[in-house]
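Quick note: the coordinates plus some simple rules give every number you see, no bench work behind them. On a predicted model such as this, the values are computed, not experimentally measured, just so you know. In this analysis, Cβ positions are derived from the backbone assuming ideal geometry, glycine residues included, and neighbour counts consider all displayed protein chains.
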Amino acid sequence: MSKIEKFEDLVCWQKTRLLVKEIYNITHIGVFNKDFALKDQIRRSMISVLLNIAEGFGRRSHKEFKHFLFIAHGSIAEVQSCLYIALDLSYLQKDKFYNLYEKCTEVSKIISGLIKSLN
């Protein structure tokens, strides 16, 4: 296995980057776009995941990287909670909700694995 030298090589960062785009796309249309509070919150939470992975990696310390991964892990749970709100308010169809929720779960598992590997 090769050593990861930049945050862009992290699978969790790559998958999160794609998720950021999806979240922006779904919040840009329909009634979701008019709910400024929820739209802003889910976007900021998703961005937080991406940025905390990058910032933690950039700290060049396992201890600090883990700390930022824990923050990213919390933010992905926040995104999932926002998805439930969007589902409950009929901003999302069930199939889109489940698709995005599962992608968040996948990122969450990758982050958890990365945290374990740093122990």
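Compare the Cα positions of Trp13, Asn99, Val31 along the charge dipole of the chain (+1 at Cβ of Lys, Arg; -1 at Cβ of Asp, Glu; about the Cα centre) and return the one farthest towards the positive end.
Trp13
Can you pull the Kirkwood radius for the stretch 7-118, inverse mean 1/r over Cα pairs, to one decimal in Å? Don't skip to the answer; put the middle values down first.
Details: mean 1/r = 0.0711 Å⁻¹.
Computed over the stretch 7-118, the radius equals 14.1 Å.
Regarding the stretch 79-118, what is the average projected area of its C-alpha convex hull, in nm²? Write out the running numbers ahead of the final one.
On the way: hull surface 10.3 nm².
Answer in nm², one decimal: 2.6.
Mind checking the dipole of the stretch 1-91: about its Cα centre, +1 per Lys or Arg Cβ, -1 per Asp or Glu Cβ, Debye to the nearest 20?
Around 260 debye, computed over the stretch 1-91.
In nm, to one decimal, how far is the Arg44 label point from the His62 one, both placed 7 Å along Cα→Cβ?
The answer from the label model is 3.5 nm.
With labels modelled as points extended 7 Å from the Cα through the Cβ direction, what inter-label distance (nm, one decimal) is found for Ile4 paired with Lys96?
Spacing of the two 7 Å Cα→Cβ label points: 3.0 nm.
What angle do you read, to the nearest 10 degrees and between 0 and 90, between the alpha-carbon axis of helix 94-118 and the longest principal axis of the chain?
The angle comes out at about 10 degrees.
Compute the helix-to-body angle for 11-27: its Cα long axis versus the longest principal axis of the chain, expressed 0 to 90° and rounded to tens.
So the helix axis and the longest Cα principal axis differ by about 20 degrees.
How about Lys109: which lysines have a C-alpha closer than 23 Å to its C-alpha, ignoring those fewer than 8 places off in the same chain?
Lys3, Lys6, Lys15, Lys21, Lys63, Lys66, Lys94, Lys96
Multiply the residue separation of Glu55 and Ser112 by 0.36 nm, subtract the distance between their alpha-carbon atoms, and state the gained length in nm to one decimal.
Taking 0.36 nm per residue and subtracting the Cα distance, the gain is 18.8 nm.
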